[in-house]
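Accompanying notes for the structure given below.
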Amino acid sequence: MKTEGTWIDVALDGEIPNLGRKTINIEGTPVLILRVDNIYYAIEDRCTHEDRPLNEGYIEGNTITCPFHGAQFCIKTGEVKAPPAFVDLPIFPVRVYNQKVQVLI
Ligand code: FES
């Protein structure tokens, strides 16, 4: 995960409800913002199996399941949890600052 870069505003704090999601394109990269148990996560919205969007994936606990072929990833670490993907998902640091949700790019 990145530790240096630019913090980009992606939402107002509270705009995304708990268990909600929002996709935003940041400099050509689709980023999926998730709010689970009132913690925000940011993962690349592009499954590493066939580059399809994950934004309609089923979330259970810390795992998101790709709606296309069922690959699973940890939303905290991006780690692959189930095939057919075998490459981890890029993830991004998230913070709430001045009542805005920000992602480090
Ligand atoms: S595109 Fe996600 S599992 Fe195939």
Residues with amide H under 5 Å of TYR40's amide H, sequence separation 5 or more or different chain, H placed in the peptide plane at 1.01 Å from N; which? none
Under Stokes-Einstein, with the Kirkwood radius over Cα pairs standing in for Rh, what whole-number D in µm²/s applies to the stretch 7-104 at 25 °C and 0.890 mPa s? 186
Could you name the aspartates and glutamates in cross-link range of LYS100, using Cα to Cα under 15 Å and dropping any fewer than eight places away on the same chain? ASP9, ASP13, GLU15
Which value, in debye to the nearest 20, gives the size of the charge dipole of the chain about its Cα centre, when Lys and Arg are +1 and Asp and Glu are -1 at the Cβ? 140
Amide H within-cut-off set for ASP13, under 5 Å, with H built and near neighbours excluded: LYS100, VAL101
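Read-outs: derived from the displayed coordinates by stated rules, not from any lab. Small disclaimer: the values here were computed from a predicted structure and weren't measured. Every residue, glycine among them, receives a Cβ derived from its backbone with ideal geometry; neighbour counts consider all protein chains shown.
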